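Encoded as structure tokens, the structure appears first; notes follow it.
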Amino acid sequence: MVQLTYDAGGLIPVVVQDAATGQVLMVAYMTREALEKTLDTGQAWYWSRSRGALWRKGEESGHTQTVRAVRIDCDADALLLVVDQAGTACHTGHRTCFFRSFDGHEAPGDGTDAADLVRPGVLDELFELLKRRRAEMPTDSYTTSLLLAGRAAIADKVGEEAEELVQAVQMETDQRVIEEAADLVYHTWLLLVERGVELRDVRRELMRRRNGN
């Protein structure tokens, strides 16, 4: 293993990058222990300079970072974490901490507009919520009832919701289109969860197709 160079306080800076989009999400610091925990668990652990303590990303917010790769810079004094980000990375609610230009205004066109930022976070959070529902199977839950009904029943719901979306596009209001699209996403995500397919794998396939076009 490469010998890392930590600063006088025993810290090494870490740049965090989204595996799906390549977007830089945040910069943090690690101690040796934080790095060991990250490598052992596959979840991002950091050192909080303000609290003087280790912390796992998302331990309170649920916006966790699953680590796909750890890379070392040429001088071995900085790290790059490539992660699957659940929800938003920044405590302000932005997808990335780098949402401002040098004049202090929010930078346009980089996915940091508040309305745009909610969308990828909500989709990720919905997928993670459905995975938790599958693990916990709470009673009086619509999701649980579908999971108990089985894969074929969920697949039928996906087909039903797709037909309703097509009908809404042709005959109904924009709001109905939005509602039917949301229903289709929910049931499609649940079908993926039931099958054991990860959302990040769908992202990778979309990225592969984009790069091939």
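The values are calculated or read from the model by the stated rules, or taken from the named source; none is laboratory data. This structure is a prediction, so every number in the text was calculated from the model and none was measured. Heads up, the Cβs are rebuilt from the backbone with ideal geometry, glycines too, and the neighbour counts pull from every protein chain shown.
What to note about this one:
- Candidates R133, R204 - the one that is in contact with a Ser or Thr (Cβ under 7 Å, 6 or more places away or on another chain) and not hydrophobic (A, V, I, L, M, F, W, C): R133
Quick grid of which residues meet (1) of a type in the set (A, V, I, L, M, F, W, C); (2) in contact with a strand residue (DSSP E or B) (Cβ under 9 Å, 6 or more places away or on another chain); (3) in contact (Cβ under 8 Å) with a residue 40 or more places away in the chain:
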residue	(1), (2), (3)
S145	no, no, no
R151	no, no, yes
A155	yes, no, no
Q170	no, no, no
Y186	no, no, yes
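- Just one residue in the set A89, A28, A19 is more than 26 Å from L130 (Cβ to Cβ), surrounded by 20 or more Cβ atoms within 10 Å (Cβ to Cβ) and touching a residue at least 12 places away in the same chain (Cβ under 8 Å); that residue is A28.
- Enumeration of residues in the stretch 153-205 that are assigned to a loop (DSSP other than H, G, I, E, B) and within 21 Å of R133 (Cα to Cα): G196, V197, E198
- Inter-residue pairs, beta-carbon under 7 Å, first within 13 Å of R95 (Cα to Cα) and part of a loop (DSSP other than H, G, I, E, B) and in the stretch 53-65, second among the hydroxyl-bearing types (S, T, Y) and at pLDDT below 95, 6+ apart: H63/T88
- Output for the stretch 1-25, where each listed residue is part of a strand (DSSP E or B) and farther than 12 Å from L79 by Cα: D18, V24, L25
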